[in-house]
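The values are calculated or read from the model by the stated rules, or taken from the named source; none is laboratory data. Small disclaimer: the values here were computed from a predicted structure and weren't measured. Glycine also receives a Cβ, built like all others from the backbone with ideal geometry; neighbour counts cover every protein chain displayed.
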Amino acid sequence: MSIIKNYLYNVSYQVFILIVPMVTTPYITRILGSDGVGINAYTNSIIQYFVLFGSIGVTLYGNRTIAFQRDDPMKISQSFWEITFLRFTTIFISFVAFFFFLISTRLYTRFYLLQSIQLLAASLDISWLFMGMEDFKRTVVRNFLVKSLSVASIFLFVKTPNDTGVYITILGLSTLIGNISLWGYLGHYVKKPIFSTLRPFRHLRPSIALFIPEITMQVYLILNKTMLGNISGVRSAGFYDSSDKIIKMALAVVTSISTVMLPRMTNVFAKKDMKKLHSFLYASFDFVSFISVPLGFGLAAISKKFATLFMGPEFAITGDLIFVMSLIILPVAWTNVLGNQYLLPTNQTKKYTFAISMGALVNIVLNVLLIENFGVMGAVVATVFSEVTVTTCQILIVRKQVSVYKLFWGLPKYLIPGTIMFAIVYPINQVQSSSVLHIIFQISVGIVVYIVGTILIKAPFISRARLFLMSRSK
């Protein structure tokens, strides 16, 4: 299947699973209020630590391992069962740790218990197998149905401010059911395990090697909400989480290309075809620049009125948060390409870890300095600086291995129409009222201005896209 088809499958699902909370958020923020939204955001940030430690980098490691072994069905089956049993073991250990945490805390105990469904769901997640095989269609079609049912359940069962627990349960069960549904496709790639030959713990060390950068990245992403909840209160954590969801929806369109390309780049590297590897890298970098510039500029332009319309007057502050947080879209896009499509597939895990660690360090230091005085806006500023730090470190790391000029040579041809788009849409957003039709009009104007601008200036995205269209997995 061509890269562009895999990308479209993946991006459609990634956008969909982010649209799910986007569709429900206006309803949830009004029903549960800032306290209910904040409780969910804060308790979920805590359970994600247990999910993270229980998963020990298996998703990324499993994806890469299957991509390396894609041409050998016996090795695929062997590795799948070993990695799966390893994950069962580590999730069980994490469950035990969570139990001790639960009996030691008195605040939000019921909500923590409901959030633990996410731990069970993580133990059954085998999406990495299908990613490694570059089979995105199967996962997308099945999970579309599951997520659609979760949306219907939210509107049916979440009716009052006291239904925060019901909301958390629905989110957890939708993830669990989605992961269970993938097991029905297992027979296409994997045979029954031969238990006497399985050695699951041989994967522990290499999995932990990839776990270190993953945990570093996830901790500083989750840490913002945890620190906000502890320092500034759960309402601030809710405001940050609501803004973060908007940004993640935009980022899903950008980062989906890295999800698709990681197994392809790994397979190309395994065949030692460095010329093709670099061609894919330059094309991906240019493609995400083309996509992320209008997303970042456009989201900033409509953020003020959009936030109030979407989440209600109580969440008006998120307009300012989204405006600032939209700055991370471009650097995160570049980080995903350089990290997931080059450093990890080429086994430069330590260098990847260093860049992520520097971002985490900046994030933690700035959170401590800024949240106390500036609240949730301080956490947003810390996020922006941490993402810029990661991107800068990665560029410095790869500068002697690839051509930095070829990475960025098309960027000015996206920034110019992007800036013009912002200059036109932002004033319109300020004078028009907060209505769905006005927001749609502003988005439409922005799209037309940007597309026409890139065509007139002869931006290189069309020629780059041809490489993806012609490339097929083997």
Self-check item: Residue count, the range 182-209 (criterion: surrounded by 15 or more Cβ atoms within 10 Å (Cβ to Cβ) and more than 27 Å from the chain's Cα centre (by Cα))
Solution: 4
Quiz item: How many of the residues making up the range 434-474 are outside any helix (DSSP H, G or I) and either at pLDDT 75 or above or of a type in the set (A, V, I, L, M) (or both)?
Solution: 5
Self-check item: Failed criterion for GLY378 (all others in (1) closer than 28 Å to LEU210 by Cβ; (2) buried (at least 22 other Cβ atoms within 10 Å of the Cβ) hold)
Solution: (1)
Exercise. Scan ILE302, ILE356, ILE317, ILE364 and give me the residue that is in contact (Cβ under 8 Å) with a residue 24 or more places away in the chain and in contact with a Leu (Cβ under 9 Å, 6 or more places away or on another chain).
Key: ILE364
Practice problem: Scan (1) assigned to a loop (DSSP other than H, G, I, E, B); (2) at pLDDT 85 or above; (3) among the charged types (D, E, K, R) for the single condition GLU134 breaks and write down its number. | Solution: (2)
Quiz item: Are any residues in the range 394-430 at pLDDT 95 or above, buried (at least 21 other Cβ atoms within 10 Å of the Cβ) and closer than 26 Å to VAL362 by Cα, and if so, which ones?
Solution: GLN394
Quiz item: at pLDDT below 85 and under 30 Å from THR346 (Cβ atoms), is that true of VAL219?
Solution: yes
Quiz item: All but one of (1) at pLDDT below 80; (2) within 25 Å of ILE428 (Cα to Cα) hold for THR266; which doesn't?
Solution: (2)
Self-check item: Hits in the range 366-410 (condition: over 26 Å from THR349 (Cβ atoms) and assigned to a loop (DSSP other than H, G, I, E, B))
Solution: GLY375, TRP409, GLY410
Self-check item: Extreme residue, modelled with the lowest pLDDT, among residues of the range 300-318 that are touching a Phe, Trp or Tyr at 6+ places or on another chain (Cβ under 9 Å) and crowded, with 22+ Cβ neighbours inside 10 Å
Solution: PHE315
Quiz prompt | In the range 137-168, the residues that are modelled with pLDDT of 90 or more, surrounded by 16 or more Cβ atoms within 10 Å (Cβ to Cβ) and more than 14 Å from GLY36 (Cβ to Cβ) | solution = SER153
Quiz item: Here are some residues: ILE416, ILE440. Which one is of a type in the set (Val, Ile, Thr), out of contact with any His (no Cβ under 9 Å at 6 or more places or on another chain) and in contact (Cβ under 8 Å) with a residue 40 or more places away in the chain?
Solution: ILE416
